[in-house]
């Protein structure tokens, strides 16, 4: 640390005139204090982690001619209910009883992967890909929707759409206490 | 001491250069996690925050905000003073109906936190305020910068689907079918 020189310096009686050698060290304490204060401030006010986004493409519902029919044999419908639960079934509504499932690795993801494999085994060529229809009910949360869309990416499903739920399916959710 | 000082200033420079002030989001939306890693753009963005059944509107460019305010004011018969316009230009996010926007802009910045923001009225008709805000902001962006605005939705985890669907269908009415859903990065892949 540098100290202030208060000796007055300079002339000694009768002696040689010597230039006073002052220390080149400067007191940095205050400056460092300030620097750390500012660092702390900027650390707290910045968002280091940039938000991430998932891109979603909704079908263009203004053009009626571009709508494709979904083949029942290779389509899986996922109904989003309340309490973070889902129901899913293969094929047409009402023909097969839906399975109630949870989100996550051992729930919905496992079901999607199994069904995907089944579709791939029973179909050939371009029809090997499974189609997924996501139908959120009015009691489902946004988190469920995002989680389901995320599963599409994880399980590598390329054809999926968010579709309005039908009364029949709502009734089924109600029966299982998910509405 | 010198070394510490050097490090301190190096860090300080880094933080100053990377600093992007946190925007105080009145929607208090906690976004859901996902495994998507696409970074959100900073510029040319409309962000629609949805939380507690309210929608908040935010557009990134100040001149676009000002331009959109003028058009919206003319549409709804509200005139804004230059001070109010200036204040709107520096307001990053808001969620008040047109009828109360003037009062919102006249409130002192220190008291803005207490101003009850009731969300922008949105219904699925072609003439809701939210629809018009999005539409005018997009027009203003094309007029001022000849660019297209990207739209992203930042909704709360617990938000019920009908509200989210309402916002999505408003976008659909303007033929906006591609947009981003802001999520946080899920660290573990097996939830």
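The values are calculated or read from the model by the stated rules, or taken from the named source; none is laboratory data. The model shown is predicted, which means the values in this text are computed figures rather than measured ones. Because the Cβ atoms are built from the backbone with ideal geometry, glycine has one as well, and the counts that use them run over all protein chains shown.
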Those residues of segment B:103-114 which are surrounded by fewer than 17 Cβ atoms within 10 Å (Cβ to Cβ) and either outside any helix (DSSP H, G or I) or at pLDDT 80 or above (or both) amount to B:103, B:106, B:107, B:108
For segment A:76-98, the count of residues that are surrounded by fewer than 14 Cβ atoms within 10 Å (Cβ to Cβ) and touching a helix residue (DSSP H, G or I) at 6+ places or on another chain (Cβ under 9 Å) equals 4
Check your understanding: With respect to residue A:173, is the statement that it is in contact with a helix residue (DSSP H, G or I) (Cβ under 7 Å, 6 or more places away or on another chain), in a helix (DSSP H, G or I) and either surrounded by 19 or more Cβ atoms within 10 Å (Cβ to Cβ) or within 11 Å of chain B (Cβ to nearest Cβ) (or both) true?
Key -> no
Picked from segment A:141-164 (must be over 18 Å from the mean Cα position of the chain (by Cα) and assigned to a loop (DSSP other than H, G, I, E, B)), the residue farthest from residue A:76 (Cα to Cα) is A:164
Residue hits (segment B:122-179; at the interface with another protein chain (Cβ under 7 Å from one of its Cβ atoms) and part of a helix (DSSP H, G or I)) are B:161, B:162, B:164, B:168, B:172
Report task. Within segment B:53-71, identify whether any single residue is without any contact (Cβ under 8 Å) to a residue 40 or more places away in the chain, facing chain A (nearest Cβ under 8 Å) and not in a helix (DSSP H, G or I), and answer yes or no. Result -> no
Restricted to segment A:46-58 and to residues being within 7 Å of chain B (Cβ to nearest Cβ) and at pLDDT below 75, the residue nearest to residue B:182 (Cα to Cα) is A:51
Scanning segment A:118-140 for residues that are assigned to a loop (DSSP other than H, G, I, E, B) and at the interface with another protein chain (Cβ under 9 Å from one of its Cβ atoms) gives A:137, A:138, A:139, A:140
Could you check, for segment A:84-107, whether at least one of its residues is at the interface with chain B (Cβ under 9 Å from one of its Cβ atoms), part of a strand (DSSP E or B) and modelled with pLDDT of 80 or more?
no
Residues of segment B:14-51 being loosely packed, with under 15 Cβ neighbours inside 10 Å and more than 10 Å from chain A (Cβ to nearest Cβ), in sequence order, are B:24, B:28, B:43
